[in-house]
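What follows is one structure encoded as structure tokens, with my remarks underneath.
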Amino acid sequence: MMFLVIQRTKPGLAITPEMFDPFLASIEYLKDLEKKGVIKSLWAFVDGSGGGGIADVPSADQLLQLLQGSPVSGFVDYEVHPLTSIDVAAEMMRKGKEAAAKMGK
């Protein structure tokens, strides 16, 4: 399953000099997952507030384990969205349109 994962620093969290090490370790953790093919895309927000990526894992349970394994899991909030292909989404729209048309008759 593919998931869009957005990670943002918890609101109001004051970043101290000691916190840079876990954040840098988190980048290495994510880059390692990217090398293993678990993360398909990895990026950071220009304003420094967080970043995100596309994870390809067998289940939401495995994604949760990966997120909790991050060195910064206690300092960030995650926003997670399951993904599908645009072709699958288009087919669902076609079926929805057909169903709506039948209901209107």
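The values are calculated or read from the model by the stated rules, or taken from the named source; none is laboratory data. On a predicted model such as this, the values are computed, not experimentally measured, just so you know. Positions of Cβ are generated from backbone atoms using ideal geometry, with glycine treated the same way; all protein chains shown enter the neighbour counts.
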So, in the range 47-81, exactly how many residues are in contact with a strand residue (DSSP E or B) (Cβ under 8 Å, 6 or more places away or on another chain) and within 17 Å of Met1 (Cβ to Cβ)? 14
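Looking only at the range 15-38, how many residues end up being aliphatic (A, V, I, L, M), at pLDDT 90 or above and more than 15 Å from Ile54 (Cα to Cα)?
2
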Filter result for Lys105 (modelled with pLDDT under 90 and surrounded by fewer than 11 Cβ atoms within 10 Å (Cβ to Cβ)): yes
Inside the range 1-26, can you point out the residues that are out of contact with any strand residue (DSSP E or B) (no Cβ under 9 Å at 6 or more places or on another chain), among the small types (Gly, Ala, Ser) and closer than 16 Å to Asp77 by Cβ? Gly12, Ala14
Could you check, for the range 39-47, whether at least one of its residues is at pLDDT below 95, assigned to a helix (DSSP H, G or I) and not aliphatic (A, V, I, L, M)? no
Considering only residues that are within 11 Å of the chain's Cα centre (by Cα) and not small (Gly, Ala, Ser), which ones fall in the range 39-56? Ile39, Lys40, Leu42, Trp43, Ile54, Asp56
I need the full set of residues from the range 65-82 which are surrounded by fewer than 16 Cβ atoms within 10 Å (Cβ to Cβ), over 10 Å from the mean Cα position of the chain (by Cα), outside any loop (DSSP other than H, G, I, E, B) and in contact (Cβ under 8 Å) with a residue 24 or more places away in the chain, in order please. Asp77
Of (1) out of contact with any helix residue (DSSP H, G or I) (no Cβ under 8 Å at 6 or more places or on another chain); (2) in a helix (DSSP H, G or I); (3) surrounded by 11 or more Cβ atoms within 10 Å (Cβ to Cβ), Val88 satisfies every one except (3)
Which of the residues spanning the range 48-64 are at pLDDT 95 or above, exposed (fewer than 13 other Cβ atoms within 10 Å of the Cβ) and not polar (S, T, N, Q)? Pro58, Ala60, Asp61
Quick one: in the range 9-26, of everything that is surrounded by 15 or more Cβ atoms within 10 Å (Cβ to Cβ) and under 16 Å from the mean Cα position of the chain (by Cα), which residue is nearest to Val80 (Cα to Cα)? Thr9
